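Inspection log for the structure reproduced underneath, given as structure tokens.
Nothing in this text is a laboratory measurement; each read-out follows from the coordinates by a stated rule. Predicted model only: the values in this text are computed from it and were never measured. Every residue, glycine among them, receives a Cβ derived from its backbone with ideal geometry; neighbour counts consider all protein chains shown.
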Amino acid sequence: MADQEIGRSNDVQSWPQMELPDLSYTDAIQEIHRAIQNDWDATRQSACQTAAGRALWKHAVHDPLAELLAGETSLRTAHEKIKKDRLNNAREVSGVILAVRTLWFDSKIEAALNSFGGGAAQIVLLGAGMDTRAYRLSCLKESSIFEVDFPEVLQTKTTILQAAADSTENQNPLLTAKSLNRVPADISENDWLQKLQKVGFEPRKNTVWVLEGILYYLTHSDAVEVLKIIAENCNLTQTVLLADFMNKQSTTLCGSVFRFYCDWPEQLLPSLGFSDVKLSQIGDPDAHFGLLHDPLNLFNKLRALPRSLQTHPDDGTPCCRLYLVQASGLPNQTIQ
Ligand SMILES: C[S@@+](CC[C@H](N)C(=O)[O-])C[C@H]1O[C@@H](n2cnc3c(N)ncnc32)[C@H](O)[C@@H]1O
């Protein structure tokens, strides 16, 4: 590799290779991914883009099914961005937010389950997309997983996993969770909680709600409604909400498909009935995971500025922030 291709952060620590995988999909799986590219809108396709990020950051995120679920187009697009960052000596590599976010949710899910003191718990993934936690997190072995997303997303995910199992004459990938239910639903409609209950979700059981990469695809009123439903129906037992929020500037970027934003989740969530809200930013001690090598990276610059600032004082560029937030659904519950 030429010297100029090596990132600035190489001075501190080598960049990982992050190679494009060999993309040896069967014809059947290629056909499914072609249909995703041709027929799905940007919101649904974001499921594959997120999986592509996890597949390329595999030195940090263990998600062996991510490559299969991402598909060639999403992988190539994500890989091009990483290559560009390398060539430009970027201080942070494309996809690092996604990797940190995934690891943050993984660690907070495990911590929440530990705080429940054992026993059966439920994990509800709203906007689950191509998430594979039910297959990859051993801490879920006593938990029932519910994946909620649009019908075509969940059906396609099942079909891809089945096609891969058929082609290798293997079984479907093994669950690490106790059980998995896929619940097709549009969460901007008001029947998704009933749909969850129909397949066995019980509001009285300890529950972790995982809202990863979903709220900002909703309108403001739909996002608030989803949070309200969780707060109002799930305050009978220990409930932990894990969610990421974009600030206003992040949603106003040119070409953005994002709608809901919140600059102060620690004010919004208590107003809806949540308590014990804890907020982290990328780069904070619990949202770092050793993946931000260059101390002058963008996230550290943001963390050093007051959150009320909308633009960088140095260059007038927008302060785009992603907040990682945990909260309790019980009025007086404290999360570990
Ligand atoms: C960026 S992806 C995140 C997927 C997953 N949580 C992850 O982190 O890998 C957003 C997901 O939200 C889903 N989604 C967006 N709006 C939705 C809605 N109204 N109802 C159900 N799912 C929705 C999309 O289909 C997509 O799978």
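Annotations
- Rounded to the nearest whole Hz, the Karplus-based 3J(HN,Hα) values (6.51 cos²θ - 1.76 cosθ + 1.60, θ = phi - 60°) of the stretch 236-248 follow the sequence 8, 8, 5, 10, 10, 9, 10, 8, 10, 10, 8, 7, 4, with x at glycine and proline.
- Based on Cα atoms of the stretch 88-239, Rg over Rh with Rh as the Kirkwood radius reads 0.98.
- Linear extension gain, THR159 paired with LEU236, 0.36 nm per residue minus alpha-carbon span: 24.1 nm
- The relative contact order of the stretch 143-209, computed from alpha carbon pairs under 8 Å that lie at least 6 residues apart in sequence, is 42 percent.
- In a fully extended conformation the segment linking PHE258 and LYS178 would gain 25.4 nm over its present Cα-Cα distance, using 0.36 nm per residue.
- Semi-axes of the equivalent ellipsoid for the stretch 92-171, Cα gyration tensor, largest first, Å: 24, 19, 13
- For the chain, the direction-averaged projected area of the alpha-carbon convex hull comes to 17.3 nm².
- Compactness ratio for the stretch 194-336: Cα radius of gyration over 2.2 N^0.38 Å (N = residue count) comes to 1.14.
- Selection of trypsin sites (Lys or Arg not before Pro), the stretch 113-177, meeting DSSP coil and at most 16 other Cβ within 10 Å: LYS141
- Relative contact order (percent, whole number), the chain, Cα cutoff 8 Å, 6+ residue spacing: 17 percent
- Residue (of ALA231, PRO21, TRP209) at the positive-pole extreme of the chain, dipole from beta-carbon charges: ALA231
- DSSP bridge analysis restricted to the chain gives an antiparallel fraction near 40%, rounded to the nearest 5.
- Here the chain is assigned +1 on the Cβ of each Lys and Arg and -1 on the Cβ of each Asp and Glu. Its dipole about the Cα centre then comes out at about 580 debye.
- In a fully extended conformation the segment linking LYS301 and ASP39 would gain 90.4 nm over its present Cα-Cα distance, using 0.36 nm per residue.
- Computed [θ] at 222 nm, helices only, for the chain once each DSSP H run of length n ≥ 4 contributes -39500 (n - 2.57): -11500 deg cm²/dmol
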